[in-house]
1. Please specify each residue of the range A:1-52 satisfying the condition of being touching a residue at least 40 places away in the same chain (Cβ under 8 Å), charged (D, E, K, R) and either more than 16 Å from DNA strand B (Cβ to nearest atom) or surrounded by 20 or more Cβ atoms within 10 Å (Cβ to Cβ) (or both).
2. Output yes when any residue across the range A:221-239 is farther than 30 Å from A:ILE102 by Cβ, crowded, with 20+ Cβ neighbours inside 10 Å, in contact with a helix residue (DSSP H, G or I) (Cβ under 9 Å, 6 or more places away or on another chain) and hydroxyl-bearing (Ser, Thr, Tyr), and no when none is.
3. Please specify each residue of the range A:53-72 satisfying the condition of being without any contact (Cβ under 8 Å) to a residue 60 or more places away in the chain and either crowded, with 19+ Cβ neighbours inside 10 Å or under 15 Å from A:ILE37 (Cβ atoms) (or both).
4. For the range A:108-140, give me the residue count where each residue is within 11 Å of DNA strand C (Cβ to nearest atom), on the phi < 0 side of the Ramachandran plot and either polar (S, T, N, Q) or surrounded by 14 or more Cβ atoms within 10 Å (Cβ to Cβ) (or both).
5. Which residues, taken from the range A:73-99, are within 16 Å of DNA strand C (Cβ to nearest atom), of a type in the set (A, V, I, L, M, F, W, C) and either free of Cβ contacts under 8 Å to residues at least 40 places away in the same chain or under 16 Å from A:ILE26 (Cα atoms) (or both)?
6. Looking only at the range A:141-198, filter to residues that are touching a residue at least 40 places away in the same chain (Cβ under 8 Å), among the small types (Gly, Ala, Ser) and not in a helix (DSSP H, G or I); which one of those is surrounded by the most Cβ atoms within 10 Å (Cβ to Cβ)?
Amino acid sequence: MPELPEVETTRRGITPHLLGQTIKSIVVRQPKLRWPIPGVISTLKRLKIKSIKRRGKYLLFETSKGTLIVHLGMSGSLRIVNETTPVEKHDHVDLCVSSGVILRYTDPRRFGAWLWTEDDPLTHKLIASLGPEPLTDEFNVEHLVALAKGRKIAVKTFIMNSHVVVGVGNIYANEALFQAGIHPERAAGRISKKRYAVLVTCIKTVLTRAVEQGGTTLKDFVGGDGKPGYFQQSLQVYGRQGEACCQCGNALSELRLNQRATVFCTVCQS
DNA sequence: CCCTGAACCTGACCGC
DNA sequence: TGCGGTCAGGTTCAGG
């Protein structure tokens, strides 16, 4: 479900309900996620939530004692509910705070994660090796060119690699490459610096716009405040295979790249 | 180190 | 209606 804009939309939606609150209990109904939820999480209580940050697609709930690291995987979502909200089939975790508010984690496919660390979360194994945030100056053309040197992988695979840059998933990789006019299968090491400069700008633009519009709702994604995202109206290639390219009118093509749907225009992208 | 494909899971949808 | 196959917004890991 979530790429960077959806995770950021979730973060913004839930933060006002949780910031400064004290954890009353964490109820784990199904511990089998990507990794088993550590038993210690069920024992956490009387910890104040000091901040809710995002690193890539990870949400970091910093408390007075340690940090909850939450990833939504492919189908996960977080919603603010209350004690009277009925628990449904895939509602695996509830984080209950003193105001009575509940942060409820739902994840049918269970590719997500709930982890706990008492160290600096940025040194955590899963987070320490991540590439730069795409919306900061750390993500720039020099960075991309340096990492791409000599690489033969498709540029789409390259920009979806979280060690290269975080937050770019399948939807926004397709969109950014279309806007940059770059063929998704082009070898990462065979793209000029000039074209990478355009790609950097396109990635920043598409992610920024998607965040502004509350993310993309394909199935039933809603931010923590229950509102859907509106960016799907702005998608120019994702999910539009066979339809007319908005720039040239040609039918958009589709192929599979690392088992992921890849949609592009053979006229506008090379 | 680099690259590819499998694996983790459930549900929706499509064709027979 | 049922069954099998395919696909879905992510990421790690094994193996070549």
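The numbers here are math on the coordinates, done by the rules we state, and not lab data. None of these values were measured; they are calculated from a predicted model. Backbone-built Cβ (ideal geometry, glycine too); neighbour counts: all protein chains shown.
1. Answer for the range A:1-52, where residues must be touching a residue at least 40 places away in the same chain (Cβ under 8 Å), charged (D, E, K, R) and either more than 16 Å from DNA strand B (Cβ to nearest atom) or surrounded by 20 or more Cβ atoms within 10 Å (Cβ to Cβ) (or both): A:GLU3, A:GLU6, A:GLU8, A:ARG11, A:ARG12, A:LYS24.
2. yes
3. Filtering the range A:53-72 for residues without any contact (Cβ under 8 Å) to a residue 60 or more places away in the chain gives A:53-54, A:59, A:61-71.
Matches in the range A:53-72: A:LEU59, A:PHE61, A:GLY66, A:THR67, A:LEU68, A:ILE69, A:VAL70, A:HIS71.
4. First, the residues of the range A:108-140 that are within 11 Å of DNA strand C (Cβ to nearest atom): A:108-113, A:124-131.
Now drop any that are not on the phi < 0 side of the Ramachandran plot, which leaves A:108-109, A:111-113, A:124-131.
So of that shortlist, the ones also either polar (S, T, N, Q) or surrounded by 14 or more Cβ atoms within 10 Å (Cβ to Cβ) (or both) come out as A:108, A:111-113, A:124, A:126-127, A:129-131.
Counting residues in the range A:108-140 that are within 11 Å of DNA strand C (Cβ to nearest atom), on the phi < 0 side of the Ramachandran plot and either polar (S, T, N, Q) or surrounded by 14 or more Cβ atoms within 10 Å (Cβ to Cβ) (or both) gives 10.
5. To start, the set of residues in the range A:73-99 that are within 16 Å of DNA strand C (Cβ to nearest atom) comprises A:73-79, A:89-90, A:92.
Narrowing the set further to residues that are of a type in the set (A, V, I, L, M, F, W, C) leaves A:74, A:78.
Of everything in the range A:73-99, just one residue is within 16 Å of DNA strand C (Cβ to nearest atom), of a type in the set (A, V, I, L, M, F, W, C) and either free of Cβ contacts under 8 Å to residues at least 40 places away in the same chain or under 16 Å from A:ILE26 (Cα atoms) (or both), namely A:LEU78.
6. By that ranking, first place goes to A:GLY167.
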